[in-house]
1. Stretched out fully, how many nm does the piece from ALA264 to ASP212 gain, at 0.36 nm a residue minus the Cα gap?
2. Would you mind working out the accessible area per residue for the chain, using a 1.4 Å probe, and quoting it in Å²?
3. Top mean-square fluctuation among PRO220, PRO244, PRO126, Gaussian network model of the chain, C-alpha springs under 10 Å?
4. Quick one: length gained pulling THR192 to GLU159 fully straight, 0.36 nm per residue minus the C-alpha distance?
5. Taking the chain as the reference, fit the longest principal axis to its C-alpha atoms, fit the long axis of helix 77-86 to the helix C-alpha atoms, and give the angle between the two in degrees, 0 to 90, nearest 10.
6. For the chain, modelled as a GNM with alpha-carbon contacts under 10 angstrom, which of SER249, SER210, SER100 fluctuates the most?
7. Helix-only estimate, please: 222 nm mean residue ellipticity of the chain, summing -39500 (n - 2.57) across DSSP H runs of length 4 or more and dividing by its residues, to the nearest 500.
8. Straight-line reach from LYS31: which lysines have Cα under 25 Å away, leaving out those fewer than 8 places along the same chain?
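The values are calculated or read from the model by the stated rules, or taken from the named source; none is laboratory data. Just so it is clear, the model here is predicted, and its values are computed rather than measured. In this analysis, Cβ positions are derived from the backbone assuming ideal geometry, glycine residues included, and neighbour counts consider all displayed protein chains. When the accessible area is computed, the model is the full protein with side chains, heavy atoms only, and any ligands, DNA or RNA have been set aside. Shrake-Rupley method; radii C 1.70, N 1.55, O 1.52, S 1.80 Å.
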Amino acid sequence: MLAASAASAQAQPAAAETFTTADLAQACSGKDGWLDPAPPAHVFGNTWYVGTCGIAAILITGEDGHVLIDGGMPDAAPLVLSNIARLGLQPKDVRWIVSSHEHFDHVGALAALQKATGAKIAALRPAAALLESGEPSLDDPQHDITDGFAPVAVDKVLEDGDSVVAGNLAVTAHATPVHSPGSTSWTWQSCTADFTCRMIAYADSATTISADAYRFSDHPDRVAQIDLGLEQIGALPCDVLLTPHPSASGMMPRFAGKAPLVAASACTDYAATARKRIEDRLAKEAGTETP
């Protein structure tokens, strides 16, 4: 593990432009649009934010290539590529692209990013078929209210707990089927130059949004998957919590220094808040909610 930590610590780009998370939070102050442009920012160790103000894309750098998590909306691809270049990095050094869940606002740019970088795409088995089809699952409560996206070829199908590897860099996939059937959270160790190391968790969206006519109580298998996913999220190794929608976990206030970036309870608190939401939704459907 020390060798991997050392590699992570040394894999810092000679940034053409340097932005802190405070710079990012300031640039996005009052902006949460899915296509609102944001500068790239250094989060911790070898972990960088390269997305928009309203949709995260995370770059994890390594000496033998990089891993990109999520790409955002289809029109966000040029911004993500520009942000990588602004860090002094070559987009073609991205070895793997992975994703959180199969909705157009997070994977819509993947086809263009794969073409521009030549990277391979990896996904958990439930997500892989959906990424290759370009459509959300028929079992997705949001199927009728979300758009399709450009399909991508999945080069590696993962099982829960598998990792994508680039040299000494390893990013681990966790099945967390809360927001959608293919929802995936990702964890990795990130270290600073002085070998201070933290576990970073990119926990997938934990909201249980649906089309108006959808009743979760009519779909016990989906509710069971949500329960399993929330257990997984709460148990993630998680010193620093990042999420696909920054607003879902108060990322920008934390980036601005208004709350701690490192918090041991971040993932358990995130899961607990989401569990309360689905419990309230089920109570409402049953007509037993309290005022």
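1. Values: separation 52, 0.36 × 52 = 18.72 nm, distance 3.61 nm.
Residue separation times 0.36 nm, minus the Cα-Cα distance, leaves 15.1 nm.
2. On the way: 11960 Å² over 291 residues.
Each residue of the chain exposes 41 Å² on average to a 1.4 Å probe.
3. The residue that fluctuates most here is PRO220.
4. The span from THR192 to GLU159 would gain 8.9 nm if fully extended.
5. Approximately 30 degrees, to the nearest ten.
6. Evaluated over the chain, the most mobile residue of the options is SER210.
7. Details: 9 runs with 88 residues, N = 291.
My calculation for the chain gives -9000 deg cm²/dmol from helical runs alone.
8. LYS258
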